[in-house]
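Down below is the structure, laid out as structure tokens.
The values are calculated or read from the model by the stated rules, or taken from the named source; none is laboratory data. Not measured: the values here are computed from a predicted model. Counting neighbours? That spans all protein chains shown, and the Cβs are built from the backbone with ideal geometry, glycine included.
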Amino acid sequence: MVDPIADMLNRLKTAQAVKKETVEVPFSQQKYAIAKILEKKGFVKTVDLKGKRIRKIIDISLRYFKEAPGILGTKRISKPGQRIYASFQKIKRVKNGQGIAIISTSKGLMTGEEARKEKVGGEILCEIWG
């Protein structure tokens, strides 16, 4: 069984390692929401949906800062075989504020910072830093 979120994070990291402009990721609502958070936080340039119905893909334009990739590292926290949950008090900062944690809450996907403000906990999907 392949973990779709880990696959997406790996595609982003490897594409930036070889200085690609864009990455295509198979569509899912959750991956699209993660990509939109990355766009909002400035880790990637743009996120577009392409294709129809069964052939939908997410087209992500990568961002670079003076040849350095926008995403320096990713870490999958909650995996299909081992789910990791945290209350809002237990959500930690990522790399001293240099990164974000993406959390699946009852109010949808949000960053760790937003979850602390909203006072909601949830499943910690991944950490991304740049």
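Candidates THR105, THR111: the one that is of a type in the set (Val, Ile, Thr) and in contact (Cβ under 8 Å) with a residue 24 or more places away in the chain is THR111.
Cβ-Cβ distances below 7 Å connect the following pairs, each with a first residue in region 76-100 that is more than 20 Å from LYS31 (Cβ to Cβ) and in a loop (DSSP other than H, G, I, E, B), a second residue that is modelled with pLDDT of 90 or more and aromatic (Phe, Trp, Tyr), and a separation of six or more residues or different chains: GLN98/TRP129. Applying the condition of being over 9 Å from GLY121 (Cβ atoms) and either aliphatic (A, V, I, L, M) or loosely packed, with under 11 Cβ neighbours inside 10 Å (or both) to region 75-88 and asking which residue is nearest to the chain's Cα centre (by Cα) yields ILE77.
Considering only residues in region 11-23 that are free of Cβ contacts under 8 Å to residues at least 60 places away in the same chain and under 14 Å from the mean Cα position of the chain (by Cα), the one that is farthest from SER61 (Cα to Cα) turns out to be ARG11.
Residue-wise test of (1) of a type in the set (Phe, Trp, Tyr); (2) farther than 24 Å from VAL120 by Cα; (3) surrounded by 12 or more Cβ atoms within 10 Å (Cβ to Cβ); (4) touching a Pro at 6+ places or on another chain (Cβ under 7 Å).
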site: LYS36; (1), (2), (3), (4): no, no, yes, no
site: VAL44; (1), (2), (3), (4): no, yes, yes, no
site: VAL47; (1), (2), (3), (4): no, yes, yes, no
site: ILE54; (1), (2), (3), (4): no, yes, no, no
site: SER61; (1), (2), (3), (4): no, yes, yes, no
site: GLY73; (1), (2), (3), (4): no, yes, yes, no
site: LYS90; (1), (2), (3), (4): no, no, no, no
site: ALA101; (1), (2), (3), (4): no, no, yes, no
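Please enumerate the residues belonging to region 1-31 that are in a loop (DSSP other than H, G, I, E, B), on the phi < 0 side of the Ramachandran plot and either in contact with a helix residue (DSSP H, G or I) (Cβ under 7 Å, 6 or more places away or on another chain) or of a type outside the set (A, V, I, L, M) (or both). ASP3, LYS20, GLU21, PHE27, SER28 - these are the residues of region 1-31 that are in a loop (DSSP other than H, G, I, E, B), on the phi < 0 side of the Ramachandran plot and either in contact with a helix residue (DSSP H, G or I) (Cβ under 7 Å, 6 or more places away or on another chain) or of a type outside the set (A, V, I, L, M) (or both). Would you pick out the residues in region 45-75 that are in contact with a Gly (Cβ under 9 Å, 6 or more places away or on another chain), in a loop (DSSP other than H, G, I, E, B) and of a type in the set (Gly, Ala, Ser)? Correct list: GLY70 only. Scan region 1-22 for residues that are under 28 Å from GLN82 (Cα atoms) and hydrophobic (A, V, I, L, M, F, W, C) and jot them down. Result: MET1, VAL2, ILE5, ALA6, MET8, LEU9, LEU12, ALA15.
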